[in-house]
Amino acid sequence: MTELVLWLLETGPAALRASNPAGHVTASAWIVDRTGQFALLTHHAKLGAWFQPGGHVEDSDASVADAAAREAREECGIEAVHHDASRIFDVDVHLIPARGGMPAHHHHDVRYLLAADREAPLVPTSESRQLSWIPLARVVDFNPSESIARMVRKSLQRASSSVIE
């Protein structure tokens, strides 16, 4: 998967544009609490499933990492901080089905690990039916996809070695 994203990025700025027929880079925030035992998921209104916050990179974003943090603020109303903004946590390429006037295309999703205070108030938007802190051990009950399960495994490995700063 990483090779696909690198190939896409070699196409230049078009890699970030939603209009790119080859697909485009998106940014996600895998948000865990400071103990590393809970993940913040959103029940996506259009897709009807639980996911991490994320979306398109905008012209105002200085980087894909900044886009992930912005998506966390916009979709959850929460200030999440990068655990390491220079390090990509996960990459996933997935097909987005045709909808409206947009043909089917691929999202090359670059995911960053962020930490947030589980006690901070959450502010759902129209993009989300619900926001919830879910124990990592139960996340796959909400979304059993390999993409989500992989991030859970990575989070559990990290939590077993240290607390998220």
Going highest first, how would you order 27-33, 61-67 by mean Cβ packing within 10 Å? 27-33, 61-67
Check His106: other-chain or 5+ apart residues with amide H under 5 Å from its amide H, H built from backbone geometry? Gly23, His24, Ile96
Label points 7 Å out from Cα along the Cβ direction at Val93 and Leu156: separation in nm? 2.8 nm
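Estimate the FRET efficiency between Glu74 and Arg34 by the formula 1/(1 + (r/R0)^6), using the beta-carbon distance for r and 25 Å for R0, to the nearest 0.05. Working shown, then result.
On the way: r = 22 Å, r/R0 = 0.87.
Calculated value: 0.70.
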Inter-label distance, nm, simple model (7 Å from Cα along the C-beta direction), Met102/Ala137: 3.8 nm
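Read-outs throughout are calculated quantities, based only on the coordinates presented, and are distinct from any laboratory measurement. For clarity, every value in this text was computed on a predicted model and none was experimentally measured. Neighbour counts are summed over all protein chains in view; Cβ atoms, including those assigned to glycine, are modelled from backbone coordinates with ideal geometry.
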